[in-house]
Amino acid sequence: MAESLGSVLLRRIKRTGPMAVAEYMAEALHHQSGGYYADGDPFGAAGDFITAPEISQMFGELLGLWTLSAWIANGAPEPACLVELGPGRGTLMADMVRSIGGVVDVSEVFQIHLVETNPSLRRIQADTLAPLKPVWHNDVSSLPEQPWFLVANEFLDALPMHQLRWTEGAWRECLVVPDAAGTGLAWGVERSESPLAALLPAQTRQSPIDGAMAELSLAANAIVTGIAHHVVRHGGAALIIDYGSERFGAGDSLQAVRHHQPVEVLRDPGLADLSSHVDFSQIREACRAAGADFAGPVEQGRFLIDLGIEERAGALSRGATLGQRRDIESALRRLIGSAEMGTLFKVAGLLPPGTPDLAGFG
Ligand SMILES: C[S@@+](CC[C@H](N)C(=O)[O-])C[C@H]1O[C@@H](n2cnc3c(N)ncnc32)[C@H](O)[C@@H]1O
């Protein structure tokens, strides 16, 4: 039997020392043998979670129309790239292309680019999107120097982030260490102050409460900075949708989910999805520092209602069977309801400076 990823990481920690939470996340998600996203398909009722595009086609259709409006606001550049970060099963891109295709000839204007590391999901995306001839990338650095019209749904939440705890008068990095028996993983904290403390916003850094936790995703900030620079230089637009908040240092948001249930973060790394809330104020700072406009964040429910999701649900319901109408209504509630995804998920736009207000951002 293959050694579990938990044992591999424990052995490594004993050999080379404690791991920062960001390193633990990166290994648990991407370790080449046993990382959660290294292979396999985690979606759907039989998997670990379900995402908005898997709930209903309406989500992708409306994001497609928003993207089209951003393309027009950019002066309808050709050629341009339609880009998705972390495309899952390819459902969102397929729905976007269908709605954009109702207005322009997609293959004339856009080339489809997918940033995806998981080979199983790449195969599923290849099946779903075959006629569109997508091009795959391991990261954004190899995307073409053309305007990008980019979406990232539930992508930034899966990127590694550091956790710092205010204890004994200093911000110290949270660590993963061996447990007391030396047979499992446990939480620890760095002895000295973390140099990352300098990157925390002044508001968090200067008014700490004992035991307070602050989170910092250098990876998310770097990707957003890269996209914002690109949009300023080449034009385009990006839509970022994720669960999160606007408060800097929102506390401990790291979570593990397996078979749709929360599980202990350090138990069985590689078998559960690990994610954290996206701090939209850090994203905004990164975007503005690169010179791009930042729209939002707005709640997903409000964004989709603004784009006409209720009207779209009405149109789909006409001519549908009773059972189909119930499914459409239930999907609508899940996407916009305040007890479901409607308020927890936020939407933000990255745009070239001076872009007029676009639908969804009021
Ligand atoms: C939670 S899923 C979201 C899927 C899709 N956006 C959706 O809404 O259904 C995360 C996706 O990002 C991919 N992914 C995670 N980390 C990645 C990374 N560092 N680079 C590229 N893709 C990554 C996963 O393989 C998966 O396709």
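The values are calculated or read from the model by the stated rules, or taken from the named source; none is laboratory data. Just so you know, these numbers come straight off a predicted model, no measurement behind them. Virtual Cβ from ideal backbone geometry, glycine too; neighbours counted across all protein chains shown.
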| field | Output for the stretch 145-161, where each listed residue is in contact with a helix residue (DSSP H, G or I) (Cβ under 7 Å, 6 or more places away or on another chain), within 12 Å of the ligand (Cβ to nearest atom) and outside any strand (DSSP E or B) | value | Leu156, Ala158, Leu159, Pro160
| task | Hey, could you check the stretch 176-192 for residues that are free of Cβ contacts under 8 Å to residues at least 60 places away in the same chain and of a type in the set (Gly, Ala, Ser) and say which is nearest to the ligand (Cβ to nearest atom)? | result | Ser192
| Residues within the stretch 270-279 that are closer than 20 Å to Ser4 by Cα and within 15 Å of the ligand (Cβ to nearest atom), tallied | 4
| In the stretch 71-88, which residues are more than 9 Å from the ligand (Cβ to nearest atom) and under 20 Å from the mean Cα position of the chain (by Cα)? | Cys81, Leu82, Val83
| task | Please tell me if Gly244 is outside any strand (DSSP E or B) and either among the hydroxyl-bearing types (Ser, Thr, Tyr) or touching a helix residue (DSSP H, G or I) at 6+ places or on another chain (Cβ under 8 Å) (or both). | result | no
| Say we look at the stretch 1-49 and pick out the residues that are within 17 Å of Asp268 (Cβ to Cβ) and among the aromatic types (Phe, Trp, Tyr); which of these is surrounded by the fewest Cβ atoms within 10 Å (Cβ to Cβ)? | Phe49
| message | Please count how many residues of the stretch 1-42 are of a type outside the set (S, T, N, Q) and assigned to a loop (DSSP other than H, G, I, E, B). | response | 15
| query | Can you find even one residue in the stretch 211-220 that is closer than 23 Å to Trp187 by Cβ, within 19 Å of the chain's Cα centre (by Cα), assigned to a loop (DSSP other than H, G, I, E, B) and among the charged types (D, E, K, R)? | reply | no
| note | Apart from one, (1) within 30 Å of Pro356 (Cα to Cα); (2) touching a strand residue (DSSP E or B) at 6+ places or on another chain (Cβ under 8 Å); (3) within 15 Å of the ligand (Cβ to nearest atom) all hold for Ala22; the odd one out is (1)
| query | How many residues are within 16 Å of the ligand (Cβ to nearest atom) and under 11 Å from Ala28 (Cβ atoms) when one looks only at the stretch 260-269? | reply | 1
| Does at least one position in the stretch 83-97 carry a residue that is over 22 Å from Ala331 (Cβ atoms), out of contact with any Gly (no Cβ under 8 Å at 6 or more places or on another chain) and either at pLDDT 95 or above or among the hydroxyl-bearing types (Ser, Thr, Tyr) (or both)? | yes
| message | Please list, ordered by residue number, the helices (runs of 4 or more DSSP H) wholly in the stretch 88-144 having 3 or more residues that are touching a residue at least 60 places away in the same chain (Cβ under 8 Å) and either buried (at least 18 other Cβ atoms within 10 Å of the Cβ) or of a type in the set (Ser, Thr, Tyr) (or both). | response | 119-128
| note | Conditions (1) over 24 Å from Met161 (Cα atoms); (2) of a type in the set (A, V, I, L, M, F, W, C); (3) at pLDDT below 95; (4) part of a helix (DSSP H, G or I) -> Ile283 fails only (1)
| request: Give the residue that is farthest from Arg191 (Cα to Cα), with candidates limited to residues of the stretch 1-54 that are of a type in the set (S, T, N, Q) and in contact (Cβ under 8 Å) with a residue 60 or more places away in the chain. | output: Thr51
| task | Go through the stretch 132-142 and give me each residue that's among the aliphatic types (A, V, I, L, M) and within 12 Å of the ligand (Cβ to nearest atom). | result | Val140
| request: Kindly provide the set of residues from the stretch 256-274 that are more than 13 Å from Tyr37 (Cα to Cα), within 20 Å of the chain's Cα centre (by Cα) and in a loop (DSSP other than H, G, I, E, B), ordered by number. | output: His259, His260, Val265
| request: State whether the residues of the stretch 162-175 include one that is more than 11 Å from the ligand (Cβ to nearest atom), under 30 Å from Pro87 (Cβ atoms) and touching a residue at least 12 places away in the same chain (Cβ under 8 Å). | output: yes
